[in-house]
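Working notes for the structure below.
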Amino acid sequence: MQGGIWMIFPPKQYGIRELTETELSEDRKKALKIGPCAVGEKALYLNSFYFSRRYYVCWSDVSRVFKRVAMTRGGYTGKGIFASVPYLVVQLKDGREKQCNFKFESKVDDILSRVKEEHPDIPVHSAESEAKLRKQQKEEDALYLKKLSSSAGTAVKQLVEARDWLEKRPELYKQLVFAAKQKRIVDHISPAAQTAAFLILLAALCSTLFGLFAMQTGRSYGLMFALFGAGVFVMVMAARVLPSKHRNRKSVQRDWDQAVAEMKEYLHGKEDFPVPPQYAHPVVLNRMIRAVRQGRADDAESALRVVKNDLKALNSTVTVTQKEHDEVVTVKPLFLVCGYK
């Protein structure tokens, strides 16, 4: 429906430069839709709070595109819902800033990857993050051993090769992360919360029906009951607490099992892959490489133990860098759904 609306009602100009009607029409047809936004050849299409791809900004007007994440309370703990609220932030050369809300952080990452590939001159980190990343990289490099042992050097080579192998099929590890996050969210919705949501939904439906009946009988308060009930109904459905056909414990378990099975099948082509298929992600391998280069591990097996211990130690009271945050929210769900086994 959103795609149909997008083609019928053209997006509004947000930047300085304006595309002609023909240019806009052609660019929209070729644009790659990613979440509520789209990446075109001539413009980046941005969503409003309610509508997908409501605005467009020409690439020549964009000075910076980056991700902003708000973490839900208890996100690093083993309790509650491990979730984050992701935003795509677009800064224009005239000083304006547009923040677009997303449901899934992976979609923001997909857009940034596309921007980095097609527009390498546009930074994909905030100015503050860039400065912090440079500082963090220097601090990280200072922790590396100047000379590795023979076994450690072999382990690093093995891990780099494994990471490069995974990068050939990014859709597999992205699906693995997506399935893990969905499973963790659904598994931690308590039956009590579902029962309460169902009762509220039932009350909202009754209120709506009563309001419609009252309106039919000419009572002035009917509209109020109908609108109130409809509003509560929409809010409960938007909360996604109640199970649905494609979002319930069985479906998320099936999706997770399928993602692991597909990764396992792909890894058959790589002998002696250093991590189990459920943890096969470039970020995990990068953290293992760092553990070896820092002298905290001497082989792949011990490096994976270090990664597990580091992730276990992170909780809601720990302050982490932006790089650490991005890595943790990406791969910790993989370990949480498996109990670190």
Worksheet entry | Ordering of 261-274, 31-44, 101-114, 161-174 by packing [mean C-beta count within 10 Å, highest first] | 31-44, 101-114, 161-174, 261-274
Discussion item. Counting other beta carbons within 10 Å of each residue's own, what order do VAL252, VAL65 fall into, fewest first?
Written reply: VAL252, VAL65
Item to complete: Rounded, prolate or oblate: pick one for region 232-323, where a ≥ b ≥ c are the square roots of the eigenvalues of its C-alpha gyration tensor, a/c under 1.5 means rounded, and failing that, prolate if a/b is larger than b/c, else oblate.
Response: oblate
Discussion item. Residue by residue through region 163-179, what is 3J(HN,Hα) from phi via Karplus (6.51 cos²θ - 1.76 cosθ + 1.60, θ = phi - 60°)? Round to whole Hz and write x for glycine and proline.
Written reply: 4, 5, 5, 5, 5, 6, 10, x, 5, 6, 6, 5, 5, 4, 5, 4, 5
Worksheet item: Pick the calculated Kirkwood radius over Cα pairs in Å for this structure from (1) 21.0; (2) 23.1; (3) 19.9?
Response: (2)
Worksheet, complete the sentence: At R0 = 41 Å the Cβ-Cβ FRET efficiency linking LYS341 and ASN101, nearest 0.05, sits at 0.70
Fill in: Charge context of PRO276, other residues only, Cβ under 12 angstrom, K/R +1, D/E -1
+2
Discussion item. Using a 7 Å offset from the Cα along the Cα-to-Cβ direction at both PHE213 and ARG247, what is the distance between the two label points in nm, to one decimal?
Written reply: 3.1 nm
Worksheet item: For MET235 and LYS116, FRET efficiency with R0 = 56 Å and r from the beta-carbon atoms, rounded to 0.05?
Response: 0.90
Practice prompt. Place a label point 7 angstrom from the Cα of VAL69 along the Cα-to-Cβ direction, then list the residues of region 103-141 whose backbone nitrogen is under 13 Å away.
Written response: 104-110
Response to the item:
Env charge @ SER126, Cβ radius under 12 Å, K,R +1 / D,E -1, value +1
Worksheet item: For region 291-301, what does the Karplus curve 6.51 cos²θ - 1.76 cosθ + 1.60, with θ = phi - 60°, yield as ³J(HN,Hα) per residue in whole Hz, taken in order and with x for Gly and Pro?
Response: 4, 5, 5, 8, x, 8, 8, 10, 8, 5, 4
Worksheet entry | Using a Förster distance of 35 Å, the FRET efficiency for ARG17-ALA142 (Cβ separation, nearest 0.05) | 0.20
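Only the coordinates and a few stated rules stand behind these numbers; no lab work does. Bear in mind the structure is a predicted one, so any value in this text is a computation, not a measurement. Glycine also receives a Cβ, built like all others from the backbone with ideal geometry; neighbour counts cover every protein chain displayed.
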